[in-house]
Amino acid sequence: METFHIKGQKPLYGTVAVSGSKNAALPILAASLLTDKPVILERMPALSDIKVMCDILSALGCSVASGAEDTLIIETAGLSRHKLPYDLTGRLRGSFLVMGPLLARCGRVAISLPGGCAIGARPVDLHLKGLSALGATFKITKGIIEGTAKKLVGTKIYLDFPSVGATENIMSAAVLAEGTTIIENAATEPEIVDLANFLCSMGGRILGAGSNTVKIIGVAGLTGTRYAIMPDRIEAGTLLTAAAITGGQVTVTGIRPDTLKPITAKFSEMNIPITIQNNTVTVEPRKTMRAVDIKTLPFPGFPTDMQAPMTALLSLSEGTGIITETVFENRFMHTGELCRMGASIKVSGRNAVIEGKKSLSGAKVKATDLRAGAALVLAGLAARGDTEISDIYHIDRGYDALEKKLQSLGAEIERKP
Ligand code: UD1
């Protein structure tokens, strides 16, 4: 199993471009199943989660080929199966995103309950509730969910919680349903807007994506398309945090600063100078960082995916900060590992109280999930001495060549077998 070895306390300097968004790419890949015409996706990040989703499409009979640079060409004319292989779905919660598209295209789907990062119970009741309202019926036997739908018919669906995945699944199914669907209390994340733009580029009719009421006017069929995935706001936030935690100066390019507002606003509150221009954000050299309180919330609130990286940053800020995790119930597994590096963090229920320290020290630590792994990389970059991080396959699920990007900024980080 590969590990990261980091020699800390090197301020990062330079410019780095972000890759395409994992959380936009996964539902868009799944939604390619809605057409039998070729789909060309640009700016596809090189991630193991994306590889698993491509393997799922291949297992269903589709062809997935790499084009120039970071382009993928998906041909779904050969779609011949509706059962997802367990060995793939068990590795990726995002695999559940094929449910809506398969129901809309084939009228049936069979999928095991999804896997993914171990950050809480993560049920799928809202997905099933929404798809059932459109006319699908479900049967769960021995951990396999089988869905069938003779026909999907548009309706009004109210989500109890603005679930990102449920909004995406329902939107993708409703695009080919008969009549109009309205999703109330829909998720408003930028990745929802990206999926809607993708579907509209294939001839779908969607209004209000990005607001909490999304209207989908069903169409009879979708065409092929060529579409560029939006930039990854969480990768951008992580690279900006790497600059801040090391006290360097880094410009992150190719991003949409509006999608980063909850993060850049916290940086400003922490006394970390930020410059925003068109599609770049720069973290300028800082003095002492001030501790702040953070509450994770659905967009435009503070993203739960940046909670672990911010915990690392608060560990080195002046004063005491409280993080309240409201989106997932078990997302503090990084705190134990950060404490092994000298951080002072007390977790009680959904709160973590972080007392800032002057420094952290390198240690042998373990990535327990994707963003927890990112937090340990950040802590290692700032810590005195050497840090060794194991189980970095979690990090490869969601960061495209993280160590290479950090090396280009002057970090001493190495991947070892
Ligand atoms: C997506 C992102 C993930 C991010 C999360 C919240 C992808 C591939 N992943 O995950 O990185 O952390 O949004 O921004 O895009 N819930 C239910 N019932 C459901 C569905 C969800 O109770 O049917 C709960 C979950 O347990 C969780 C909360 O709703 O507590 C948020 O989940 P959701 O927004 O669905 O996240 P994901 O789509 O899984």
In the chain, if the dipole is taken from +1 on Lys/Arg beta carbons and -1 on Asp/Glu beta carbons about the Cα centre, which of Ala166, Ala291, Thr141 is farthest to the positive end? Thr141
Just the number please: accessible area per residue for the chain, 1.4 Å probe, all protein chains included, in Å². 38
Using Cα positions and a limit of under 22 Å, work out the lysines in reach of Lys129, with same-chain residues fewer than 8 apart set aside. Lys83, Lys139, Lys142, Lys150, Lys151, Lys156, Lys215
Can you tell me the Rg and Dmax of the stretch 304-417, counting just the alpha carbons, in angstroms? 13.4, 39
If you place +1 on the Cβ of every Lys and Arg, -1 on the Cβ of every Asp and Glu, and leave all else neutral, what size is the dipole of the chain about its Cα centre, to the nearest 20 Debye? 420
Heavy-atom accessible area of the stretch 237-363 with neighbours in place, 1.4 angstrom probe: carbon+sulfur share in percent works out to 48
Based on the alpha carbons, how large is the Rg to Rh ratio for the stretch 119-169 when Rh follows Kirkwood? 0.98
Restricting to lysines and to Cα separations under 22 Å from Lys261, and discarding same-chain partners fewer than 8 apart, the set is Lys22, Lys287, Lys295
Mean separation of Cα contacts under 8 Å, 6 or more apart, over the residue count of the chain: relative contact order %: 21
Dimensions (Å) - the chain, Cα atoms, principal axes, largest first: 62, 44, 42
Once both axes come from the Cα atoms, what is the angle between helix 233-246 and the longest principal axis of the chain, in degrees from 0 to 90, rounded to 10? 0
So what is the relative contact order for the stretch 22-228, in percent, with contacts set as C-alpha pairs under 8 Å and at least six apart? 20
Which whole-number value in Å³ per residue fits the convex hull of the alpha carbons of the stretch 164-285? 102
Note the angle between two axes, namely the Cα long axis of helix 164-174 and the longest principal axis of the Cα atoms of the chain, as a number of degrees from 0 to 90, rounded to the nearest 10. 20
Shape call for the stretch 214-337 from the C-alpha gyration tensor, a ≥ b ≥ c root eigenvalues: rounded (a/c under 1.5), prolate (a/b greater than b/c) or oblate? oblate
What residue among Ala312, Tyr227, Gly254 has its Cα farthest toward the positive end of the dipole of the stretch 198-328, where the charges are +1 on Lys, Arg and -1 on Asp, Glu, each on the Cβ? Tyr227
Throw me the Rg/Rh for the stretch 22-228, computed over C-alpha atoms with Kirkwood Rh, two decimals. 0.92
Cβ-defined net charge surrounding Ile216, 14 Å radius [Lys, Arg +1; Asp, Glu -1]: 0
Any aspartates and glutamates with Cα under 18 Å of the Lys37 Cα? List them, leaving off those in the same chain fewer than 8 positions away. Glu75
About its Cα centre, what dipole magnitude does the stretch 22-228 give when the only charges are +1 on Lys and Arg Cβ and -1 on Asp and Glu Cβ, stated in debye to the nearest 20? 600
Take the solvent-accessible surface of the protein heavy atoms, probe 1.4 Å, and return the percent of it on the stretch 22-228 that carbon and sulfur atoms account for. 53
Helix 190-201: inclination vs the chain longest Cα principal axis, degrees, rounded to 10, gives 30
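The values are calculated or read from the model by the stated rules, or taken from the named source; none is laboratory data. On a predicted model such as this, the values are computed, not experimentally measured, just so you know. Virtual Cβ from ideal backbone geometry, glycine too; neighbours counted across all protein chains shown. Protein only, heavy atoms only, side chains kept; ligands, DNA and RNA dropped before computing areas. Shrake-Rupley method; radii C 1.70, N 1.55, O 1.52, S 1.80 Å.
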